[in-house]
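Below you'll find the structure, written out as structure tokens, and then a few comments.
Every number in this text was worked out from the coordinates using simple rules, so none of it is lab data. Because the structure is predicted, anything quoted here is derived from the model rather than measured. Here Cβ is always computed from backbone atoms with ideal geometry, including for glycine, and neighbour counts include all displayed protein chains.
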Amino acid sequence: MSPNSGAHDGRTILLTTQPSAHQDVFPGVLSLLFAAGEKHLYVERWDAINHIVEPEWTQLSKWDEAKLSVETLLDMTSGIDHAFAQVGDIGHSFRFEPSILSKLTEVLETQTGQSLGSLISDWLTSPLGLPETDCFVEAVDSHPSYQLNISAESIHQIGIAMLKGELFDGSYLMAMREPAESTQKHFRLLWWNHLPSLLEALGQAAAPTSAPKDLLIATETGRVCLAVSGAHDLVITAVGHPSGANRASALALLATPAFWTALELSGS
């Protein structure tokens, strides 16, 4: 991996073995669209899902389905599985379920009257001056399922935008750092806010003690990671190999004590 730096007053590190990446950071990017949606007053975390989409979209009772909020889905504590059947306690049982991402996408599109692709353009790529070809979505199967295609550089610039905070609702970004009221308190609004918990969840080695305590990480499998520390004014984007034994090499990098030691010594 080779380091590159972007235009930012703080510290920024981009490490990649390939020019583009996709999908692994989709939950993190989707979360930031909700942060932008709150800033533009289109949606709020505590909105009831059934006030936005057509009711009876789950196999829950009407009473239980009415308990679901945007925040419940963002925290992955809906208590339902891929078939939207109940498998846990609503608002408490953590279960990362990709089908929830499609429902969250539907929420955004319904509230704004725009497609996900248009929202990415209006709220992310255009304000950041990123090429449209570097960050876009393609429909998969049927609406509202999407595949995110995004370059490592675009991921990195979005991370820098998080530090600046201009594109997103400030209270939303602050809430990412709060513990969730669930069985996985360190997964908050589709981001991880505790490196040791993320490493444990994905079966990686223990976290180095020198990693920033406030580190926010966006990743689904560990192959691609966007990590942001406000206290250290730091953005790290790491993209690993697409397949094989090194699939989680990006996350493995964050778990390496030598990486953080070198970062501290270099001051970069």
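Odds and ends about this structure:
- Net charge contributed by nearby residues that have their C-beta within less than 14 Å of L216 (K/R +1, D/E -1): 0
- 3J(HN,Hα) couplings calculated from phi for the range 211-221 with the Karplus curve 6.51 cos²θ - 1.76 cosθ + 1.60 (θ = phi - 60°) are, in sequence order, 5, x, 6, 9, 5, 9, 10, 10, 5, 9, 10 Hz; Gly and Pro show x.
- In terms of surrounding Cβ atoms within a 10 Å radius of their Cβ, I13, I90, I52, I100 rank from fewest to most as I52, I90, I13, I100.
- Couplings 3J(HN,Hα) for the range 191-203, derived from phi with the Karplus relation 6.51 cos²θ - 1.76 cosθ + 1.60 (θ = phi - 60°), are 10, 8, 10, 7, 4, x, 5, 5, 4, 5, 5, 9, x Hz, where x marks Gly and Pro.
- By average C-beta atoms within 10 angstrom, highest first, the peptides 147-156, 168-177: 147-156, 168-177
- Annotation for the range 29-55 versus the range 163-223: alpha-carbon center distance of 20 Å.
- Amide proton proximity set for I80, modelled H, under 5 Å, gap of 5+: V87
- Quarter of Cα convex hull surface for the chain, i.e. mean projection, nm²: 13.4 nm²
- 5 angstrom amide H check on S69, placed H, neighbours 5+ away: I49
- Estimated purely from DSSP H runs of n ≥ 4, each contributing -39500 (n - 2.57), the mean residue ellipticity at 222 nm for the chain is -8500 deg cm²/dmol once divided by its residues.
- Net charge of neighbours whose Cβ lies under 14 Å from the Cβ of L41, counting Lys and Arg as +1 and Asp and Glu as -1: -2
- Phi angles across the range 150-155 convert, under the Karplus curve 6.51 cos²θ - 1.76 cosθ + 1.60 with θ = phi - 60°, into 3J(HN,Hα) values of 8, 7, 4, 5, 5, 4 Hz, Gly and Pro given as x.
- Relative contact order (%) - the chain, alpha-carbon pairs under 8 angstrom, separation at least six: 22 percent
- The long axis of helix 26-39 is offset from the longest Cα principal axis of the chain by roughly 70 degrees.
- Flagged links, alpha-carbon separation over 20 Å, of K164/K185; K62/K185; K39/K164; K39/K62: K164/K185; K62/K185; K39/K62
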